[in-house]
Amino acid sequence: MPDDARLAALNEKYLPLDFEERIRTLYQDFAPEKVLVTSSFAATSAYFLHIVSRIRPEQRIHFIDTGFHFPETLEYRRYLTELFKLKVEDVRAEDWQHQFSVDDKTYERDPDYCCAVNKIQPLDSVKSGAQVWVSSLMRWQTDHRAGLPVFELRRGILKFNPMIDVSREQRDRYIAEHQLPFHPLVAQGYSSIGCTHCTAVGDGRSGRWIGKPKTECGLHL
């Protein structure tokens, strides 16, 4: 785990770079087999995955299968996997843990605990062999994300946010220029797409956990 000086040096080095340059540099500065990449295959994951797959085609992509995904998300995952020739590995809770959250309707009673069971704990189980975790967070998405740096220490691992300062306009322009597919639910008004019980139509993150103070699943807190 890097100390504060190493963390500051990484941020100073990577901040002037654009998203694609940051990904290329990451594989020079860190052992590729120690890089953990996750994707939710959500609204515009095609942008993130297109660049990662072009730079390192053999990179394994971890998908947290909560058991509550929209059928459209699973189809989008299948489509992008074939389109970009991705190597995707599903990460999920143990069967009995997930079944408890189904029977208990934990997503209604305690959504934080539901996320812990079906997202956070499964991902923690695959972090141990990684040196750096790559995410696709962007500052404009939430108030919490607005304050995140390129590199941070998060939940016991060095976290890399190479898209953190990409604007919505830059993202959409890249998607249009490369004719990349949006998640099919975007056309129906969904901007942020998670589990079926906790996602509704809405701009930005407004459709997530409606009526609750929750804005993050907890992976990035």
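For the stretch 46-138, which whole-number percentage of the solvent-accessible area (1.4 Å probe, protein heavy atoms only) is attributable to carbon and sulfur atoms?
49
Quick one: which of LYS105/LYS212; LYS105/LYS127; LYS13/LYS127; LYS34/LYS87; LYS127/LYS159 span more than 18 angstrom between C-alpha atoms?
Pairs exceeding the cut-off: LYS105/LYS127; LYS13/LYS127.
Under a 5 Å amide H to amide H cut-off, with H placed in plane at 1.01 Å, what residues pair with LEU153 once short-range neighbours are removed?
Amide H neighbours of LEU153, under 5 Å, 5+ apart: LYS159.
If I model a spin label as a point 7 Å beyond the Cα along the Cα-Cβ vector, how far apart are those points for PHE182 and GLU108 in nm?
In this crude spin-label approximation the distance works out to 3.2 nm.
Taking every alpha carbon pair in the stretch 22-97, what does the distance histogram look like in 10 angstrom bins from 0, in percent?
Each 10 Å bin holds this share of Cα pairs: 17, 50, 26, 7, 0.
Using alpha carbon centroids, what distance separates the stretch 160-191 and the stretch 1-45, in Å?
19
FRET efficiency for LYS85 and LEU153, Cβ-Cβ distance as r, R0 = 22 Å, nearest 0.05?
Calculated transfer efficiency: 0.10.
For the pair GLU21/SER167, report the inter-label distance in nm, with labels modelled 7 Å from Cα in the Cβ direction.
1.8
Give the calculated FRET efficiency between LEU7 and SER128 to the nearest 0.05, with a Förster radius of 30 Å applied to their Cβ-Cβ distance. Spell out each step's value before the answer.
Numbers: r = 21 Å, r/R0 = 0.68.
Efficiency at R0 = 30 Å is approximately 0.90.
Please determine, in degrees from 0 to 90 and to the nearest 10, the orientation of helix 45-55 with respect to the longest principal axis defined by the Cα atoms of the chain, where the helix direction is its Cα long axis.
Result, in degrees: 40.
Over all distinct Cα pairs, what is the inverse of the mean 1/r for the stretch 1-148, reported as the Kirkwood hydrodynamic radius in Å?
17.0
Can you tell me, using C-alpha contacts under 8 Å and at least 6 residues apart, the relative contact order of the stretch 1-75 as a whole percent? Write down the numbers at each step before the final one.
Details: 30 pairs, mean separation 22.7, N = 75.
It comes to 30 percent, rounded to a whole number.
Sort HIS50, HIS183, HIS178 from largest to smallest accessible area, using a 1.4 Å probe on the heavy atoms of the protein chains. Could you put the intermediate results ahead of the total?
Working: HIS50 30, HIS183 5, HIS178 75 Å².
Correct descending sequence by accessible area is HIS178, HIS50, HIS183.
Quick check: the angle from helix 71-84's long axis to the longest principal axis of the chain, C-alpha only, nearest 10 degrees?
Long axis of 71-84 versus the principal axis of the chain: about 30 degrees.
The values are calculated or read from the model by the stated rules, or taken from the named source; none is laboratory data. All of these numbers come straight from a predicted model, not from anything done at the bench. Heads up, the Cβs are rebuilt from the backbone with ideal geometry, glycines too, and the neighbour counts pull from every protein chain shown. Please note that ligands, DNA and RNA were not included when accessible areas were found on the heavy atoms of the full protein model with its side chains. Shrake-Rupley method; radii C 1.70, N 1.55, O 1.52, S 1.80 Å.
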